Each structure stands twice: as structure tokens, then as C-alpha cells.
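Note sheet for the following structure.
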Amino acid sequence: MTTPLLGLVLAGGRSTRMQRDKAAIEYRDGQTQLAAAVEALRPHVTKVFVSVREDQRTEPTRRHFDQIVDQVAASGPIAGIASAQAVAPNAAWWILACDLPFLDHATLANLAARRDPDRDATAYRSSHDGLPEPLCAVYEPRTRDALAAYIAAGRHCPRKFLLRANTLLLDPPNPRALDNANTTDDYWQAMSTLNPQLAVSQREIRVQYFAILREQAGRREEVITTQARTPRELYDELRGSHSFTLTADSLRVAINGDFADWSRPLSTNDAVVFIPPVAGG
Amino acid sequence: MTAFSFSAEPINIASLNASLRDVTCGGFVSFEGWVRDHNEGQRVTALEYEAFEALALAEGQRVIAEAQQRFGVENARCVHRVGALGLEEVAVWVGVSAPHRDEAFRACRYIIDEVKHRLPIWKKEHYANGDSGWVNCERCAVHAHDHASVA
């Protein structure tokens, strides 16, 4: 009998250093990192689940996915791994972090092809320190008792768990593919690598103003030549030049006619509208 | 006519009512938001509505589609005024007809609540003392969650 292979994308982190929810960040194509990770993993496994904490179940980025809620009293990603193994003890689990902006098809396809079900786990060797990368790895069902015992002993590091286990370590086809982005600096580096249009130092943006912003700007629209990379940076720049009283926190933003994320990369000729607090009705 | 629209002229309620008549429907519910003569302790003399119409139209259609799906109603429309309005004018109109009253009431309530909170429409009030202000954007930002000067 073949062991089923299930996927688990980890999205239960607190994103403290990033200062915003990493799962919700859109690096490419207006798709959240979480959705991108789920889609990337889907062809390689029978079914993909998303690992969440109890208080994240209805959160908009996560609520549309099949979820496994942390049941295990442990902190960090190991709680998600153990919870998945408790839900489907006879399955192998492909664990994947959601904060890998450079993750590519070759990396996943290579792991799928070279996974060895006779070992405890199959993982990549980190291109930085040579240690196992525990958050893009397949954990075979036989690791379940050992992992539970490891947690019961008060240990929480999945990397050390894989070091002690009979883990097959693969060399990554793309050494950057598993670099994670944890800080706002990491975010900008990843953004500019993945979105070459951000490397252009100046872009022309058409800005339309409504209501209080129209009155304070003294115009309905203008074309701005700006170094701003995102609508948030653009608003901060315009707030200075037009003495807008509203802060970005009280606004929403639309790009090319639809609501957009404040960190969406701007391209030249984008049409941007900042939306003050609404008062229809 | 689309399910959600703007009007720069007074809303023709009789023709809207007629457009929702349907022999399969046993209930019709409508809501009118009126221009009131006071808000937040100030005497209001007139209003102006301004909209980012392209996005508001798209979002308005989405709101009505959501109401239709959620409550199983087919006939639902909403018209919102733009431009200058005097006291007692109808600023927004919502109508729903449905086989039974319960879904008509609920869909109508859903549409007006979502339209108020989601559509890029702004209201400037003119006061008896000569002042004016954009509602939710000035002087009263802390109460932005709980404005109900018209609807």
C-alpha cells in the first residue's frame, strides 16, 4: 500500500519582525504568499492544508483553504507539523513554509522526484549552513512518534529533529529558492528582485483626487513623476507636498480602477486613487 | 439599467418601484435615505455627494450580487445621488422584491449597510452657521464608524 502524501503550508506565524502578516504579502501577480504556496504545492500532493492557530481560522487570507488548527501545545512550526501528523497519522506530510518568495517549480519538482519513503524524511541542505531546511521537507509517517516524543521532551527545533533523524538531504537546484523573508528589509529585497519594474528609479503615476483630498490638493488629478515604489510611499510623498490632513491608515487605495494593497508595486502609467473615509447613504 | 446606478437628478421612485414589479413576488421592501436638517449637533442646510464613480459602480454591482446570492432574491436595485441636494431630498434608494417578505427585508438591509460602508462616495455637509465639512474626514473622525446623518 502506498502512503498518501499530503501537503501542509505553514501560516500560523506571528510575523513579528515583518510587522505585517507574511501570509498576506503579495510579491507577484497580486497573489498572496499563502495562496502562491498552496498552488505551488498542489500538483505534488493528494491534498493541501493550511496550518493555522485557532484565532486565525476566519481570517480573510486563510479562511478559504482547508485548515489544520494547531492542537499541540508547542510553539512555532513544529506545532503545525505535529498537529497534521495527529490528523492523518498514516500519511506522509510535505511541510512548506509560506514565507519563501523565491520558491520555484524546480525546487518542488526535484523534492517530489527524489523523496525516499524508506527514510524518515527528505529535505534540502541549506545553501547557507549545510543544515537541513525543515520547512520544505517531506516527513514520513514513521517520524510521528519520535516527533511527539521530541516535543514532549520540551524541544521545538524541527531542524535539529531532522538532523537526528534518518533524513535524506538533497542539494537545492536553486540555492536561493528557500531563502525566507522575515524582515521589512528582506521584503524590499525580495520585491525588487521579483518585480524588475521596481528597479526603475522613477515612474509616472496618474493620481486622481476626490472629496477632501481634491480640495486640499486644489486639483482633480495630476501626473506625478516619483520614486515611490508603492501607493503607501506615494501617499506619504503627496501628503508632504499637498499638506493632506488624513494619514494613510484612514484611507484605502485603488489602482487602475480596483481596490489594491498598499504595498502593491507601482508601475509607470498606473492610475492611483486614494480613498478617504466614505460616507454614502 | 444596471442594478446599481448614480443619478445627478432627483430619483424617480415611481419608475423604480415599477421596475421591480414581478408576478412571482409577494413582497416588496424599499429604503430611502433622506437629507436631514441636523447632524452631530449642527444644523444642516444642504449636502453634496461626490463619488469615484467607476469603482463605486463596480462595487455597487458586487454588493447587489452578494445580496442576491446570500438571500436568494432576484430583483434588487439601488440608486445613489451625486451632486448638490437640499433638505428632504432622497439621497439613496434601495428596493428589493422577492417571493416572501423576510428575504426582501434582509436583502434590502444588507444592500444599504454595505453601500454605506464600502462604496467610494463622500458627503459634504453645509451648516447653518456657514461652515461645511466632509463627513468622517474632518472634526469627527473618531466617530467614523457610527455616522448616520442621512440613512
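None of the figures in this text is laboratory data; all of them are computed from the coordinates on show. Since we're looking at a predicted model, the values are computed, not measured. Every residue, glycine among them, receives a Cβ derived from its backbone with ideal geometry; neighbour counts consider all protein chains shown.
Percent antiparallel among DSSP beta bridges with both residues in chain A, to the nearest 5? Please list the in-between numbers first.
On the way: 24 of 44 bridges.
The answer is about 55 percent antiparallel.
At what distance in nm do the modelled label points of A:R42 and A:H242 sit from each other, each positioned 7 Å from its Cα along Cα→Cβ?
If labels sit at A:R42 and A:H242, their model points lie 4.0 nm apart.
Between the alpha-carbon centers of region A:180-217 and region A:146-172, tell me the distance in whole angstrom.
Distance between centres, Cα-based: 41 Å.
Using +1 at the Cβ of each Lys and Arg and -1 at the Cβ of each Asp and Glu in the protein assembly as shown, identify which of A:N166, A:L178, A:S267 lies farthest towards the dipole's positive end.
Sorting the options by dipole projection puts first A:N166.
Could you check which residue among A:V138, A:V72, A:V50 shows the biggest mean-square fluctuation in a GNM of chain A with a 10 Å Cα cutoff?
Evaluated over chain A, the most mobile residue of the options is A:V72.
Treating only the Cβ of Lys, Arg, Asp and Glu as charged (+1, +1, -1, -1), what charge dipole size does the protein assembly as shown show about its Cα centre? Round to the nearest 20 debye.
With only Lys, Arg, Asp and Glu charged at Cβ, the dipole is about 1020 debye.
Contact order normalised by length for chain B, with contacts defined as Cα pairs under 8 Å and 6 or more residues apart; what percent is it? Present the calculation step by step, with values, prior to reporting the outcome.
Values: 285 pairs, mean separation 52.4, N = 151.
Reported relative contact order: 35 percent.
How big is the gap, in Å, between the Cα center of region A:51-96 and the Cα center of region B:105-128?
Between the Cα centres of region A:51-96 and region B:105-128 lies a distance of 40 Å.
Pairs of Cα atoms under 8 Å, at least six residues apart: use those to get the relative contact order of chain A, whole percent. Mind dumping the intermediate values first?
Details: 505 pairs, mean separation 45.3, N = 281.
For chain A, the relative contact order is 16 percent.
Could you give the size of the charge dipole of region B:1-107 about its Cα centre, using +1 on the Cβ of each K and R and -1 on the Cβ of each D and E, expressed in debye and rounded to the nearest 20? All intermediate terms of the calculation are to be shown ahead of the outcome.
Values: 9 positive and 15 negative charges, 59 e Å.
Magnitude of the dipole: close to 280 debye.
Assuming R0 = 56 Å, what is the FRET efficiency of A:E221 and A:K160, from their Cβ-Cβ distance, to the nearest 0.05?
Values: r = 58 Å, r/R0 = 1.03.
For R0 = 56 Å, the calculated efficiency reads 0.45.
Let me have the 222 nm mean residue ellipticity of chain A computed from DSSP H runs of 4+ only, each contributing -39500 (n - 2.57), with the sum over all residues rounded to the nearest 500. Could the numbers behind the result be given before it?
Numbers: 8 runs with 76 residues, N = 281.
When only DSSP H runs of four or more count, the value is -8000 deg cm²/dmol.
What ranking, highest mean first, results for peptides A:35-48, A:150-163 when packing means the other Cβ atoms within 10 Å averaged over each residue?
Numbers: A:35-48: 18.1, A:150-163: 16.1.
The most tightly packed comes first, giving A:35-48, A:150-163.
Using only the Cα atoms of the protein assembly as shown, what semi-axes does the equivalent ellipsoid have when each is the square root of 5 times a gyration tensor eigenvalue? Give whole Å, largest first.
Numbers: eigenvalues 518, 152, 64 Å².
Equivalent ellipsoid semi-axes, largest first: 51, 28, 18 Å.
GNM on chain A, C-alpha springs below 10 Å: top fluctuator among A:A248, A:A181, A:A211?
A:A211
Around A:P4, under 15 Å between beta carbons, what's the net of Lys plus Arg minus Asp minus Glu among the other residues? All intermediate terms of the calculation are to be shown ahead of the outcome.
On the way: positive: A:R42, A:K47, A:R115, A:R142, A:R144; negative: A:D66, A:E140.
Within the 15 Å Cβ shell, the charges total +3.
Using a simple spin-label model with points 7 Å from Cα along the Cα→Cβ vector, what separation in nm is obtained for A:E204 and A:D261?
According to this spin-label approximation, the distance is 2.9 nm.
Rank B:L57, B:Y127, A:P141 by how far each Cα sits towards the positive end of the charge dipole of the protein assembly as shown (+1 on Lys, Arg Cβ; -1 on Asp, Glu Cβ) and give me just the farthest.
With unit charges placed on the Cβ atoms, the residue in question is A:P141.
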